[in-house]
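The next block holds one structure in the form of structure tokens; read it before the comments.
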Amino acid sequence: HQCCFFCLLSRSIMNIFVRSLGVGIHQTLLKLQPDYECTLESLVGLIETPPQQEMGDYAFPCFTLAKVFRKAPAQIANELILDLQANLSESSLFESFSSLGPYLNVKVNSSEMAKQVLPEIHKGNWFSKNSLEQKTQVMIEFSQPNTHKGFHVGHCRNVALGDSLVRLFRYNGYQVIAANYIGDVGTHIAKCLWFYQEKNNESPPYIHKGEWLGELYTASTLALEGQTGSEKEETQKKISALLAKLEEKEPQITQIWEETRNWSLEDFEQIYKWLGTEFDHVFYESEVDEEGKQLVIQGAEDGLFQKSDGAIGVDLNDEKLGFFLLLKSDGNTLYSTKDLALAKRKFEEFGIERSIYVVGAEQTLHFQQVFATLKKMGYEQASNCFHLPYALVVMPEGKMSSRAGNVILFSKLQREMCDFVRINYLESHRESWSDGEIESTTRKVAVAAIKYGMLNQDPNKQITFSLKDWLVSEGDTGVYLIYAYVRIKSIVRKFENFDPQAEIDFELLKHSHEKALIRKLFDFNDIVYQAAEQYRPSLLTRTLFELCKDFSRCYSSCSVKHAESTELKLARLNLFSAVAATLLTGLNLLGIEPPERM
Ligand code: ARG
């Protein structure tokens, strides 16, 4: 994203360690060569984190300076060390400087870092640090299921991704509108209703009526594929006639449309509720249909769009995007028609400055064409429209397809996940916990497993769904993170009168494993910032997974109970409860709500 680099830079400059180091290096370099021209910002931009903790907390690569200073990078690093040691000896921020090849490596004084972050976490200030800057109105459109079709595992990826981005952007201070855009018109509905009226003789079930409709839609597609010759033609005519009636809003079919549409909508509502996802606004394709048509006709009158064989489209050849069809020759609307009206509403009714569409990668060309058309229509906001494409969710045996019969519909996914959780993780609590707690914990764990599995991969990479792998408690899973959280909470809970607000001696936290944890907590806000700007919740899943591993490692060598002194015990409790708070905040940003005990 355009502002990313500078924002990241200004964020690094807010980091007191990086900033002081940058200032120190800047002064030294000017001393070495007074006419050296270089801004503080560009130096700060070079500071990185070494790959291994032993090397140091921050590193400054000297090879880019070799040319200007006519010296080997390693020599520059050594000269920097000497000068920094002298200059920064007053500062309590740094512990040591060393060189490794062309790198200057720096260890910070970790008690200073702890002092910056721990009290802020316990006071509740730390996790709102990111919200200071932005106020841009952002709309994140996601989920967008079609009525009369089944909602399956694949659809969960979109929900998990969109929902997490909404949370990440809000955390970073944006004004976010979470939007849905439901496909409730079009050929697929005519197909489904043809089958419903002519072939089906079952009555709808009491629950999951929408899913049942989706099965009729699948049956309809399969039936059509099985037909040939005149029979097929006959069916296609019937479906077209049905579509025409739907578009004319013929009363009888409209009533059936409304009733069946509601079945799907009710299902969707249940699904979102179970997943803990909320929308601020829901658009429907049916409400932008007419408006889209008017926009296109107007555009053609204004000479912006072109007629071609009775249809209307826009010539995007200057952008190498071909001819984009906007209205059929029979005057019926297309998917594209509606997207123009939808975007207009987003800009004009909602004042959206940055508009994000979370939609499968197969629609990439469509969105390039939509955004190019909006630009031609004069919408400046078109340049801040962004399609976030994501790859498929596949099964271990390959692509999901209704013909192969390996589509996992939502209700089955939900049932199987919950059964697994109940049997494998909650059986031992059946006697002592209330049914309510068993049920709510089951849901939380199952949702964590699904969402984590869906987010733990970059959007552009395919995901292989595996219920068993996603539900194990050891490894890179949502269940593992939940266990870690619950475990830390129970450790802290044992010390009843521990007060996280009480002052501690930060100097005591000097074990390398404790230092690693402190650094992770210190970096948390930067990661959240980047996860949003790069549209990659996977950056956060990785950080949280590492935080949990670092915690386990630390806890096994830095016991609370067997700490050498009461002061050390309190310092560790303070650190560990800050880890729990960070983990909780991070999980919430993924849309995961951990239980308090397991
Ligand atoms: N309902 C559409 C589909 O299932 C996705 C809609 C995406 N959003 C949009 N503004 N076109 O393919």
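Given the structure, is THR333 away from the ligand (no atom under 12 Å from the Cβ), modelled with pLDDT under 95 and polar (S, T, N, Q)?
Details: away from the ligand (no atom under 12 Å from the Cβ): yes; modelled with pLDDT under 95: yes; polar (S, T, N, Q): yes.
Yes, satisfied.
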Practice item. Only one of these is modelled with pLDDT of 95 or more and either assigned to a loop (DSSP other than H, G, I, E, B) or within 16 Å of the ligand (Cβ to nearest atom) (or both): ILE297, ILE312, ILE271, ILE256. Name it. Key: ILE271
Exercise for review: Give the residue, chosen from LEU82, LEU21, that is in contact (Cβ under 8 Å) with a residue 40 or more places away in the chain and assigned to a helix (DSSP H, G or I).
Suggested key: LEU21
Check your understanding: Is it true that SER164 is assigned to a helix (DSSP H, G or I), surrounded by 17 or more Cβ atoms within 10 Å (Cβ to Cβ) and either more than 16 Å from the ligand (Cβ to nearest atom) or not small (Gly, Ala, Ser) (or both)?
Key -> yes
Review point. Out of all the residues in region 448-478, which are in contact (Cβ under 8 Å) with a residue 40 or more places away in the chain and crowded, with 24+ Cβ neighbours inside 10 Å?
Key: ALA448, ILE450, LYS451, TYR452, MET454, LEU455, GLY478
Practice item. State whether one or more residues within region 147-154 are in a helix (DSSP H, G or I) and either within 16 Å of the ligand (Cβ to nearest atom) or crowded, with 20+ Cβ neighbours inside 10 Å (or both). Key: yes
Review point. Just a yes or no: is a residue in region 82-91 surrounded by 14 or more Cβ atoms within 10 Å (Cβ to Cβ) and closer than 15 Å to GLY101 by Cα?
Key: no
Study note, to complete from the structure: Of ALA114, ALA86, the only residue that is away from the ligand (no atom under 16 Å from the Cβ) and in contact with a Phe, Trp or Tyr (Cβ under 7 Å, 6 or more places away or on another chain) is ALA114
Check your understanding: Which condition number does VAL108 fail, the rest of (1) among the β-branched types (Val, Ile, Thr); (2) within 16 Å of the ligand (Cβ to nearest atom); (3) more than 21 Å from TRP274 (Cα to Cα); (4) out of contact with any Ser or Thr (no Cβ under 9 Å at 6 or more places or on another chain) being met?
Key -> (2)
Revision key, fill the gap. Those residues of region 25-40 which are within 23 Å of ASP523 (Cβ to Cβ) and loosely packed, with under 15 Cβ neighbours inside 10 Å amount to LEU40
Check your understanding: Which ones in region 120-146 are of a type outside the set (Val, Ile, Thr), in contact (Cβ under 8 Å) with a residue 40 or more places away in the chain and away from the ligand (no atom under 16 Å from the Cβ)?
Key -> HIS122, LYS123, TRP126, PHE127, LYS129, ASN130, SER131, LEU132, GLU133, GLN134, LYS135, GLN137
Review point. Restricted to region 420-436, and to residues that are in contact with a Leu (Cβ under 9 Å, 6 or more places away or on another chain) and assigned to a helix (DSSP H, G or I), which residue is surrounded by the fewest Cβ atoms within 10 Å (Cβ to Cβ)?
Key: ASN424
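Tell me whether region 186-195 contains one or more residues that are farther than 26 Å from GLN236 by Cβ and of a type in the set (Val, Ile, Thr). Give the steps one after another, and end with the answer.
The initial filter retains those residues of region 186-195 that are farther than 26 Å from GLN236 by Cβ, namely none.
No, there is no match, as no residue in region 186-195 is farther than 26 Å from GLN236 by Cβ and of a type in the set (Val, Ile, Thr).
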Point to revise | Residues satisfying the stated conditions in region 348-390, i.e. among the aliphatic types (A, V, I, L, M), within 15 Å of the ligand (Cβ to nearest atom) and not in a helix (DSSP H, G or I) | key: ILE352, ILE356, VAL358, VAL359, LEU388
Practice item. Would you be able to tell me the number of residues in region 167-181 that are under 15 Å from HIS281 (Cβ atoms), among the aliphatic types (A, V, I, L, M) and either in contact with a Pro (Cβ under 7 Å, 6 or more places away or on another chain) or away from the ligand (no atom under 16 Å from the Cβ) (or both)? Key: 1
**Study point:** Set PHE498, PHE545, PHE551: member being out of contact with any Gly (no Cβ under 8 Å at 6 or more places or on another chain), modelled with pLDDT under 95 and either under 13 Å from LEU118 (Cα atoms) or not hydroxyl-bearing (Ser, Thr, Tyr) (or both)
**Key:** PHE498
Check your understanding: What about ASN158, is it within 26 Å of GLU287 (Cβ to Cβ), part of a helix (DSSP H, G or I), of a type outside the set (Phe, Trp, Tyr) and within 16 Å of the ligand (Cβ to nearest atom)?
Key -> yes
Practice item. May I ask you to list the residues in region 274-290 that are of a type in the set (A, V, I, L, M) and in a strand (DSSP E or B)? Key: VAL282
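Could you tell me whether any residue of region 117-128 is farther than 30 Å from GLN457 by Cβ and crowded, with 22+ Cβ neighbours inside 10 Å?
Checking region 117-128: at least one residue is farther than 30 Å from GLN457 by Cβ and crowded, with 22+ Cβ neighbours inside 10 Å.
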Check your understanding: Taking LYS115, is it modelled with pLDDT under 95, outside any strand (DSSP E or B) and out of contact with any Cys (no Cβ under 6 Å at 6 or more places or on another chain)?
Key -> no
Exercise for review: Kindly indicate which of LEU325, LEU340 is under 18 Å from TYR379 (Cα atoms), within 16 Å of the ligand (Cβ to nearest atom) and under 33 Å from the mean Cα position of the chain (by Cα).
Suggested key: LEU340
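The values are calculated or read from the model by the stated rules, or taken from the named source; none is laboratory data. Quantities reported herein were computed from a predicted structural model and do not represent experimental measurements. All Cβ positions, glycine included, derive from the backbone under ideal geometry; neighbour counts span all protein chains shown.
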